[in-house]
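**Q** Quick one: the structure is below, questions incoming.
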Amino acid sequence: MTDAAISANELARNFGQRPALRGVSLEIGRGEIYGLLGSNGSGKSTLIKILAGALKPTAGRFHLSGTTGYVAQRFGLYEDLTVEENIVFHTRCHGLSGATLTASVDESLQLLGLNDWRRRTTNELSFGWKHRLAIASAISHKPAILLMDEPTAGIDPVARGITWRTLAAIARTGTAILLATHHLDEAEQCHRIGFLEEGRLIASNSPTELISQTGQPTLTGALAAMAAKGQAQ
Ligand SMILES: Nc1ncnc2c1ncn2[C@@H]1O[C@H](COP(=O)(O)OP(=O)(O)OP(=O)(O)O)[C@@H](O)[C@H]1O
Ligand SMILES: [Mg+2]
């Protein structure tokens with residue numbers, strides 16, 4: 001094994017006879033933001049769930065070099081607890097207590113712009129704000145690895161920008177971030193992008209390299225070319 005934060009070797013997962021993931025190998029370094037792209041049903045969530053320990057692979061192996069934070073595509077929150085209580089609960093589950101716990105919770109509330117909501121009951125929040133709370137809960141114990149399945153889905157454009165600045169700052173502290181997204185403007189901000197097509201990782205490179213590899217003028221064009229090539233195989 002290498003010293004990568006995330007290392008996956010030929011991961012595969014079938015549901016019944018149907019393959020959802022077919023031999024995905026991947027290494028993600030500390031401080032790297034890696035974006036997973038691919039059409040609906042291409043296997044993004046399946047890969048993230050396996051790495052998060054929420055799903056067993058049918059074949060293959062993986063290694064994570066530290067603690068993880070996970071934001072599921074269908075994230076769960078305790079609706080009857082306040083915003084702050086939700087973050088406290090998640091953070092305590094990861095073993096933090098006392099002054100460290102309080103400081104971490106305060107920092108997460110601040111980072112996701114949730115300070116004004118901290119004493120509100122979670123079920124009062126709109127979907128986008130709940131999603132921000134799910135992110136705040138996942139990052140507050142300062143995991144070495146963040147696994148996020150479409151962390152900005154349903155979040156308004158301004159808040160998406162804030163969330164991305166937060167993720168970039170977290171990555172600069174050495175955290176490895178693997179996230180799924182359908183937003184190309186977000187993909188452009190990733191250090192590397194992995195493109196999944198029917199469970200296969202058909203491209204894995206920096207946005208600029210993907211563009212020059214395909215000879216396309218934009219990332220949109222490059223991904224379309226990758227998809228066309230993937231389907232032709
Ligand atoms: N629990 C399950 N039981 C059966 N099939 C499943 C299950 N979970 C996922 N699949 C199938 O595995 C494939 C990959 O699904 P997955 O959720 O990983 O895709 P995705 O890339 O995350 O899609 P989306 O962009 O819609 O979130 C799909 O064909 C899906 O129907
Ligand atoms: Mg998904």
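The values are calculated or read from the model by the stated rules, or taken from the named source; none is laboratory data. Quick caveat, the model's predicted, so the values are computed rather than measured. Here the Cβ is made from the backbone with ideal geometry for all residues, glycine too, and neighbour counts use every protein chain on show.
**Q** All but one of (1) of a type in the set (D, E, K, R); (2) in the same structural domain as V83 (by TED's automatic domain parsing); (3) more than 17 Å from the chain's Cα centre (by Cα) hold for D156; which doesn't?
**A** (2)
**Q** Name, by its number, the condition in (1) free of Cβ contacts under 8 Å to residues at least 12 places away in the same chain; (2) within 17 Å of T175 (Cα to Cα); (3) aromatic (F, W, Y) that does not hold for F15.
**A** For F15, the exception is condition (2).
**Q** A follow-up question, please. Scan region 26-40 residue by residue and report those that are touching a residue at least 12 places away in the same chain (Cβ under 8 Å) and either within 15 Å of ligand 2 (Cβ to nearest atom) or farther than 22 Å from A225 by Cβ (or both).
**A** Result: E27, I28, G29, R30, G31, E32, I33, G35, L36, L37, G38, S39.
**Q** Among what's in region 1-22 and is among the aliphatic types (A, V, I, L, M) and within 16 Å of ligand 2 (Cβ to nearest atom), pick the residue that is surrounded by the most Cβ atoms within 10 Å (Cβ to Cβ).
**A** L21
**Q** Can R160 be described as buried (at least 16 other Cβ atoms within 10 Å of the Cβ), under 17 Å from L112 (Cβ atoms) and among the charged types (D, E, K, R)?
**A** For R160, the condition - buried (at least 16 other Cβ atoms within 10 Å of the Cβ), under 17 Å from L112 (Cβ atoms) and among the charged types (D, E, K, R) - is met.
**Q** With respect to L167, is the statement that it is within 16 Å of ligand 2 (Cβ to nearest atom) and closer than 19 Å to R30 by Cβ true?
**A** no
**Q** Also: Do we find a residue being within 16 Å of ligand 1 (Cβ to nearest atom), within 25 Å of R165 (Cα to Cα) and either at pLDDT 95 or above or not basic (K, R) (or both) anywhere in region 10-17?
**A** Taking every residue of region 10-17 in turn, none turns out to be within 16 Å of ligand 1 (Cβ to nearest atom), within 25 Å of R165 (Cα to Cα) and either at pLDDT 95 or above or not basic (K, R) (or both).
**Q** Do any helices (runs of 4 or more DSSP H) lying entirely in region 128-215 carry at least 1 residues that are within 16 Å of ligand 1 (Cβ to nearest atom), and which ones are they?
**A** Answer list for region 128-215: 184-187.
**Q** So which of A99, A134 ends up being buried (at least 19 other Cβ atoms within 10 Å of the Cβ) and not assigned by TED's automatic domain parsing to the domain that holds T181?
**A** After ruling out the rest, the residue left standing is A134.
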